[in-house]
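Scroll down for the structure; my scribbles are underneath it.
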Amino acid sequence: MITLYLFRHGETDYNRQGIVQGGGIDAPLNELGRRQGQAFFEYYKDKVKFDAVYCTPLQRTRQTLMPWESLGHTQIEAKELLEFSWGKLEGVKPTPDDIRQFIEMKLEWEGGNLHAKIERGESPIEAWARTRPFFDTLHERHSDGQTLLVCSHGRISRIILSKLLGYGMHRMNEFDHRNTGLNILHLYADGKVEAKTLDDITHLQHFNIKG
């Protein structure tokens, strides 16, 4: 069994403004986001010994994990975990038409049309296809009993959780993803996956920090 601590990056100004970032916007953390990342570190640094620490190519994950470097961890970049691509909706203040398209797309997915996508974006099927190899090879790269820390993004985490836990991607919106919300998963060599906790922000509550 491998234990996976999968959590979302800290807040960015785009998050605060309700603007979709996706995989194409490389925004830094804002002040609250840095505090959230530090709170995660302070809460778990003496509770869990991680054998490897993974980030994505985007700086908001690298910055969230930066405090762990003080313990000697080197961040391993996993391109497979790059955030979902929202195409033309990324990085722009949404218009009423954009909001309508966003809602319609989520309804398409919930209805089972997982090939649907925003113009210049990707579909859930495409996103999982480029993400899946990370998990397919995890037991080849890590020994039984190891514990891994992975900082990723909101939408791609919803896709990951819905697939690994057997819900189906049409139910991905059932998984919440607050900034630095933690999901703890047990991954077995036979493919079985169990969730110990989902979207946990105990670390933020402990330090009285907004989630």
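When you scan segment 90-147 for helices (runs of 4 or more DSSP H) that lie fully inside it, which ones turn up with 3 or more residues that are surrounded by 15 or more Cβ atoms within 10 Å (Cβ to Cβ), without any contact (Cβ under 8 Å) to a residue 24 or more places away in the chain and over 17 Å from the mean Cα position of the chain (by Cα)? So that I can check it myself, show each step before the final result.
On the way: elements: 96-110, 124-136, 138-141.
Hits in segment 90-147: 96-110.
Being in contact with an Asp or Glu (Cβ under 8 Å, 6 or more places away or on another chain) and either surrounded by 14 or more Cβ atoms within 10 Å (Cβ to Cβ) or closer than 15 Å to C151 by Cβ (or both) is the requirement here; does V20 meet it?
Values: in contact with an Asp or Glu (Cβ under 8 Å, 6 or more places away or on another chain): yes; either surrounded by 14 or more Cβ atoms within 10 Å (Cβ to Cβ) or closer than 15 Å to C151 by Cβ (or both): yes.
Yes.
Could you check how many residues of segment 77-103 are modelled with pLDDT under 95 and closer than 19 Å to F175 by Cα?
2
Counting just the residues of segment 71-89 that are in contact (Cβ under 8 Å) with a residue 60 or more places away in the chain and either of a type in the set (F, W, Y) or outside any loop (DSSP other than H, G, I, E, B) (or both), which one comes out surrounded by the fewest Cβ atoms within 10 Å (Cβ to Cβ)?
G87
Evaluate segment 57-66: report whether one residue or more is outside any helix (DSSP H, G or I), among the polar types (S, T, N, Q) and either over 17 Å from the mean Cα position of the chain (by Cα) or at negative phi (or both).
Here is the first cut: in segment 57-66, the ones outside any helix (DSSP H, G or I) are 57-58.
Next, only the ones that are among the polar types (S, T, N, Q) stay: none.
So far as segment 57-66 goes, no, none of its residues is outside any helix (DSSP H, G or I), among the polar types (S, T, N, Q) and either over 17 Å from the mean Cα position of the chain (by Cα) or at negative phi (or both).
Taking the options V150, V193, name whichever one is in contact (Cβ under 8 Å) with a residue 24 or more places away in the chain and within 25 Å of N30 (Cα to Cα).
V150
Condition first: farther than 25 Å from L89 by Cα and either surrounded by fewer than 22 Cβ atoms within 10 Å (Cβ to Cβ) or touching a Gly at 6+ places or on another chain (Cβ under 9 Å) (or both). Can you find one or more residues in segment 149-163 that meet it? Please lay out each step first, then the result.
The first filter runs over segment 149-163 and keeps only residues farther than 25 Å from L89 by Cα, leaving 149-150.
Still in the list and also either surrounded by fewer than 22 Cβ atoms within 10 Å (Cβ to Cβ) or touching a Gly at 6+ places or on another chain (Cβ under 9 Å) (or both): none.
Taking every residue of segment 149-163 in turn, none turns out to be farther than 25 Å from L89 by Cα and either surrounded by fewer than 22 Cβ atoms within 10 Å (Cβ to Cβ) or touching a Gly at 6+ places or on another chain (Cβ under 9 Å) (or both).
If you check G10, G37, which single one turns out to be in a loop (DSSP other than H, G, I, E, B), closer than 21 Å to D199 by Cα and at pLDDT 95 or above? If you could, list the steps in order and put the result at the bottom.
Numbers: G37 fails: in a loop (DSSP other than H, G, I, E, B).
Sole residue among the options that is in a loop (DSSP other than H, G, I, E, B), closer than 21 Å to D199 by Cα and at pLDDT 95 or above: G10.
The values are calculated or read from the model by the stated rules, or taken from the named source; none is laboratory data. Worth saying up front: this structure is predicted, and the values here are computed from it rather than measured. Here Cβ is always computed from backbone atoms with ideal geometry, including for glycine, and neighbour counts include all displayed protein chains.
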